[in-house]
Structures are given as structure tokens and as C-alpha cells.
Amino acid sequence: MKTLADLKKIREKAQEEMKLRGSNVRIKIVVGMGTSGIAMGAREVMKTFLEEIANRNLTDVIVTQTGEKGLSSMEPVVDLIEEGKAKVTYGNMTPEKVKKVVVEHIVNGRVVSDYVVATGE
Amino acid sequence: MQDISLHLLDIIENSVRAEARRIKIRVKANVQKNLLRVIVEDDGVGMDAYTVQQAQDPFYTSKLERIKKVGLGIPLFKQNAELSNGSFKMASEPGFGTVLTVDFELDHIDRMPLGNLKDTLLGVIIGHPEVDFYICLIYSERGKEQSFHLDTAAIKEELGDIPLTYPDVIEYIDQSLNEGIQNTNMEDV
């Protein structure tokens, strides 16, 4: 059974890491989770981001869910927001595409232009 | 939507958009009563009686987009409950929140499966760190009851300023949910 004591250990470990590396969030991932996104597989997209973050031990990335944004024909839609850079919106996402975006964009800093449907702000 | 867990995700997203800060989710399977019940209770902005009616109409949407003319989430969930001889009830009060109670006949041939409850719950918990989730799963069969409770407020309190997206935290919540879902036999309902 998972207990709150396990969390205490995690917190201590994370705090040690933060002392060394700082607690900056480098990239924010926003997964569109409106009705049409869900119907098109947005939950699996969200799950794959969470799996990749856990497996690759990415500690400077956060993921959130949001409602529809008027790109229903391109669902599932994902925004990647990096400080000081234009927002990148990826469309028609699948778990496979998520894995590629994690490696290329989040880890190596190269936008995967084939999947981009909008940029801005 | 192929299963109940996807409808549940859609409904929870509605609660989040209604500015809920605390969402209670209960899933109860009762074999003797032949009942599968899903309850989502939020403390969001709530709706007046007219809006509650409107929300069940497929051509109504609360979203203010230019293009969007339909809101199918609630009508489809309602239809799927009614197809399995169940019911769909929505109670709400402006300023207090909304309670949704959806019943399905457990062994009805047209009842959609519960589906992947874990993926739905993991996504909403981590994807909405500003919202506290209280989750309760209960499975009863022949007088025996197995239950699972998870309150994310307690988890966040323990974590302090460590984000829920911290890799070990994702694994912790994932495993907690998995254990709870297995212990309450909810993986193949």
C-alpha cells in the first residue's frame, strides 16, 4: 500500500534536487480536454506525456488540462509554452507523436514542425 | 465516447470550468442491487433551474466560441445511461455547486463498460493541481464491501511546494489509483 510516509521521502528527494538545480519550470504543456478532444483520444495523449515525464525523469516540465479552444477538427490539441518563446500548438496528436515531441522539442529543443498547427503569442 | 470513464472525464472538465475548487467523485458498483452509480459533486458556480435543463439539450453550449454551436457532453452521457435502463440526474444551485448522479443497470447488455478509470483520474488530478479531488470507489457483492478513498488535499499538504508533475509523484498517484481500482474490482466493471 502507498502511504503518506512514501510521499515524505519523495518530498525530501525533490527538495534536495531543487537545491542543486533550482525549481524553475522550463516548459508548460497544456492538453486540450474538451468533449471533442476526449472523443479523439486526448486522454491517451495526456497519459503518454505523464509516462514520458516519469520515465525520463523530467523535473522542469509541468502538464495541465484545459477546455476546448476552437480547433475541434485538429483534436487532440496540445500547447507547448516556453518562457521567452512563441507558443507552439501541436494538432492531431497521438501517443506516438507525443513521444516524438518529448524527445525532439522538450529534451532537444527542436520544434517538430510536421505536427505544428499554430504558433503565436 | 466509448466508455463511462471517458464521460466521467468530460463531466469533471465541466466542473473545473465551473471554477470548482473541490470535486468529489464516487463510483459504486452494487451487485445485488444490479446498480452502477457514478456521482460527481463540485463546489463550482452552479446553475439555475433553466440552465440545468438547457445543459441537457445538445444544441446548448456554455462555451463562448464563435464557431461552437453544440454541447454534446452531457446529452450523450444521459443517453448512454438511459440506454442501459439507468437514469441521469443533475441538481445544481447557483453559488453552491452541482451534483450529478448517473445510474446504470450493472448487467444490462447495452451498458457501456466503466473503462480505464485510472487514466481519467490520474489526468484530472495532475492536470488540475489547483483543484482538490476526493475519490471514493465502492464495490459490494453479497454483503461484502470493498472500498478505496483518496484525498488529493492530503497528498498536496504532504508535498508542500513539490509539483504534482514531479516524476516520482506521478508514479505515486498512478500506483495508488491502480491499487485502489484493483482492490475494489473496478478494472473490469
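The values are calculated or read from the model by the stated rules, or taken from the named source; none is laboratory data. Only a predicted model underlies this, so the values are computations on that prediction, with no experimental measurement involved. Here the Cβ positions follow ideal geometry from the backbone for every residue, glycine too, while neighbour counts run over all protein chains shown.
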TODO: Output the residues belonging to segment B:118-142 that are crowded, with 19+ Cβ neighbours inside 10 Å and not in a helix (DSSP H, G or I).
DONE: B:HIS128, B:VAL131, B:ASP132, B:PHE133, B:ILE135, B:LEU137, B:TYR139
- [ ] Output the qualifying pairs, or none if there are none: Cβ atoms under 8 angstrom, residues six or more apart or on different chains, first residue in segment A:96-121 and more than 17 Å from A:GLY32 (Cβ to Cβ), second residue among the aromatic types (Phe, Trp, Tyr).
- [x] A:LYS100/A:TYR115; A:VAL102/A:PHE49; A:VAL112/A:TYR90
TODO: Give me a count of the residues in segment B:70-100 that are buried (at least 17 other Cβ atoms within 10 Å of the Cβ) and touching a strand residue (DSSP E or B) at 6+ places or on another chain (Cβ under 6 Å).
DONE: 10
- [ ] Please specify each residue of segment B:125-142 satisfying the condition of being within 13 Å of chain A (Cβ to nearest Cβ) and either without any contact (Cβ under 8 Å) to a residue 60 or more places away in the chain or aromatic (Phe, Trp, Tyr) (or both).
- [x] B:ILE125, B:ILE126, B:GLY127, B:PRO129, B:PHE133
TODO: Return a yes/no flag: does segment A:29-41 have any residue that is assigned to a helix (DSSP H, G or I), free of Cβ contacts under 8 Å to residues at least 12 places away in the same chain and over 20 Å from B:THR61 (Cα atoms).
DONE: no
Open item on the list: Considering only segment A:6-27, I want to know if a residue exists there that is surrounded by 22 or more Cβ atoms within 10 Å (Cβ to Cβ) and touching a strand residue (DSSP E or B) at 6+ places or on another chain (Cβ under 7 Å).
Closed with: no
Open item on the list: Can you tell me which condition B:GLY115 does not meet? The list is (1) under 17 Å from the mean Cα position of the chain (by Cα); (2) loosely packed, with under 15 Cβ neighbours inside 10 Å; (3) among the small types (Gly, Ala, Ser), and all the others hold.
Closed with: (2)
Open item on the list: For B:ASP107, only one of the following conditions fails: (1) of a type in the set (Asp, Glu); (2) more than 9 Å from chain A (Cβ to nearest Cβ); (3) crowded, with 21+ Cβ neighbours inside 10 Å. What is its number?
Closed with: (3)
Task: B:ASN30, sole failed condition from (1) at pLDDT 95 or above; (2) over 25 Å from B:LEU121 (Cβ atoms) - done: (2)
Open item on the list: For segment A:35-56, check the following and say yes or no: at least one residue is at pLDDT below 95, surrounded by 14 or more Cβ atoms within 10 Å (Cβ to Cβ), under 25 Å from B:ASP151 (Cα atoms) and more than 7 Å from chain B (Cβ to nearest Cβ).
Closed with: no
Task: Unmet requirement for B:GLU145, which otherwise passes all of (1) assigned to a strand (DSSP E or B); (2) surrounded by fewer than 20 Cβ atoms within 10 Å (Cβ to Cβ); (3) touching a residue at least 24 places away in the same chain (Cβ under 8 Å) - done: (3)
Open item on the list: Looking at segment B:101-124, I want the residues that are aliphatic (A, V, I, L, M) and have a partner that is part of a loop (DSSP other than H, G, I, E, B) with Cβ atoms under 6 Å, at least 6 apart or on another chain. Which pairs are those?
Closed with: B:LEU106/B:ASN34; B:MET112/B:ASP3; B:LEU114/B:VAL189
Task: Residue tally, condition assigned to a loop (DSSP other than H, G, I, E, B), touching a Lys or Arg at 6+ places or on another chain (Cβ under 8 Å) and either under 19 Å from A:LEU50 (Cβ atoms) or of a type in the set (A, V, I, L, M, F, W, C) (or both), over segment A:82-121 - done: 1
Task: In segment B:159-189, the residues that are surrounded by fewer than 21 Cβ atoms within 10 Å (Cβ to Cβ), modelled with pLDDT of 95 or more and among the charged types (D, E, K, R) - done: B:ASP168, B:GLU171, B:GLU179
